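K.L.:
There's a structure below that I have some questions on.
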Amino acid sequence: MNPKIQGLIFDEDKQQFKIRELEVSITSKCHLQCNNCGFCIPSQPSPSLSGNVIEELSASLSHLKRLNINIGSLGLLGGEPSFNKSNLELALKAFSKFDNINRIEIVSHGLTPQNITKESLKLIDKISLSIYFDNKKLITLWEEYLLKFASHIELSLRIEKVWDRWFGEEVVDDEKAQELFDSCWYRKHCVTLERQRIFMCSRIPKLSQDKEGLILDSTTSFDDILNYLNKTEFTNSCKSCIPMMGLSTVKAGVQPDNRIHKMIPKAIQFLTSELNEKS
C-alpha cells in the first residue's frame, strides 16, 4: 500500500519540517484565456484581500518561518507571473529574503520574456515554461537566452498537449472522496498561500472555498499547520474534485482566438535582440 500523501513532511537531513512545494499567485491576470484553465482565468478570484499581494504573501511566509517550517520550492504563478514586470521583480526581491525557502520557481507561458528583467533573473532558480505553441525557434531562443544571461537557472519545458478536465457537475460519495484525498497529487505539489490563508491544494482557493483553508496570523501554531496539512479525512471539495476523478482529458491551451500566435513574434524579437546585442 502506498503511503498517504502529506502536505507537511519531516526532512531527515535538515531535521526540520518542510512543505515540498508551495504555490503563490502574485496576480490573477493572464494574457491567455485557456479553456478549462486550472487557475480559473479569466474568473480567478483575487489572490489578496487588501490588494497588496506581495505584502500579504510576505506576512504569510513570515508566519511559516516563525514556525520553523522550511519550503522546498516556492512557485510563483498567477495568472501569469510575468504579466507585470515590476510586480514580478518586487515579489522576487521580497521572497528571496526568506532563508527558509530553498528554491524559487517561476511558472510561465513563456510568451513574455521581455517582462522578466535581468534583476529578476538573478533571483530565480527555476523557470518552468508551459508550452502551448508549436514553435521550436522560440524554445531554442529561451534556452540560449538563459544560458547567456542566467546560466544558474534550471529550465523545465512542459510540453502541454492535454490537461485533466477541471470543471463539471460530477460528485463522488464519501468513500470515493476519501480515496481521492489519500492519493491526491495536488496535496503533494500544490500547497498554496492565498488571501492570508494556507490551503492544502490549489484547487480550493481558486474556487473561492476559503473556509477550507487555514488562516495564518500571529496566533497560528505549528500544530495548527501540522493538523491541517496532514489531516487524514477528506474535505468537502474532494467530493467534486474533477481533476482527480480520472475522467477524459481535454486539449491544453485552447484560446478563444489566435492570441498565442500574435504574441510569439514579439517574444522571438526580444530574445533575438538580447542575444545579438554586444556586451
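K.L.:
I'd like to check which strands (runs of 3 or more DSSP E) are fully inside segment 1-91 and have at least 2 residues that are among the basic types (Lys, Arg).
P.N.:
The qualifying strands (runs of 3 or more DSSP E) are 16-25.
K.L.:
Still on this structure: Under 9 Å by Cβ, and 6 or more places apart or on different chains, what pairs join a residue from segment 163-183 that is at pLDDT 95 or above with one that is acidic (Asp, Glu) and part of a helix (DSSP H, G or I)?
P.N.:
The qualifying pairs are Val172/Glu179.
K.L.:
Using the structure shown, decide if Val171 is of a type in the set (Val, Ile, Thr) and in contact with a helix residue (DSSP H, G or I) (Cβ under 9 Å, 6 or more places away or on another chain).
P.N.:
Judged against the criteria, Val171 is a match.
K.L.:
Confirm whether Tyr145 is assigned to a helix (DSSP H, G or I) and either open to solvent by 60 Å² or more (accessible area, probe 1.4 Å) or closer than 19 Å to Leu77 by Cα (or both).
P.N.:
No.
K.L.:
When residues of segment 19-71 are filtered for being open to solvent by 10 Å² or more (accessible area, probe 1.4 Å), among the small types (Gly, Ala, Ser) and touching a residue at least 60 places away in the same chain (Cβ under 8 Å), how many remain?
P.N.:
4
K.L.:
Find the residue count for segment 80-107, including only residues that are open to solvent by less than 10 Å² (accessible area, probe 1.4 Å) and more than 29 Å from Phe17 (Cα to Cα).
P.N.:
Adding up the residues that qualify gives 2.
K.L.:
Sticking with this one: Would you please name the residue that is farthest from Asn36 (Cα to Cα), looking only at residues in segment 251-279 that are open to solvent by less than 40 Å² (accessible area, probe 1.4 Å) and either touching a His at 6+ places or on another chain (Cβ under 9 Å) or not in a helix (DSSP H, G or I) (or both)?
P.N.:
Met263
K.L.:
Here is a further query. Against the condition out of contact with any Gly (no Cβ under 6 Å at 6 or more places or on another chain) and more than 24 Å from Ser58 (Cβ to Cβ), how does Pro243 come out, does it pass?
P.N.:
Spelling it out, Pro243 is indeed out of contact with any Gly (no Cβ under 6 Å at 6 or more places or on another chain) and more than 24 Å from Ser58 (Cβ to Cβ).
K.L.:
In segment 108-124, which residue that is touching a residue at least 40 places away in the same chain (Cβ under 8 Å) and either open to solvent by 20 Å² or more (accessible area, probe 1.4 Å) or not β-branched (Val, Ile, Thr) (or both) is nearest to Ile26 (Cα to Cα)?
P.N.:
His109
The values are calculated or read from the model by the stated rules, or taken from the named source; none is laboratory data. Model, not experiment: these values are computed from the prediction. Note: ideal-geometry Cβ built from the backbone for every residue, glycine included; neighbour counts use all protein chains shown. Accessible surface is based on the protein model in full, side chains and every heavy atom, while ligands, DNA and RNA are left aside. Shrake-Rupley method; radii C 1.70, N 1.55, O 1.52, S 1.80 Å.
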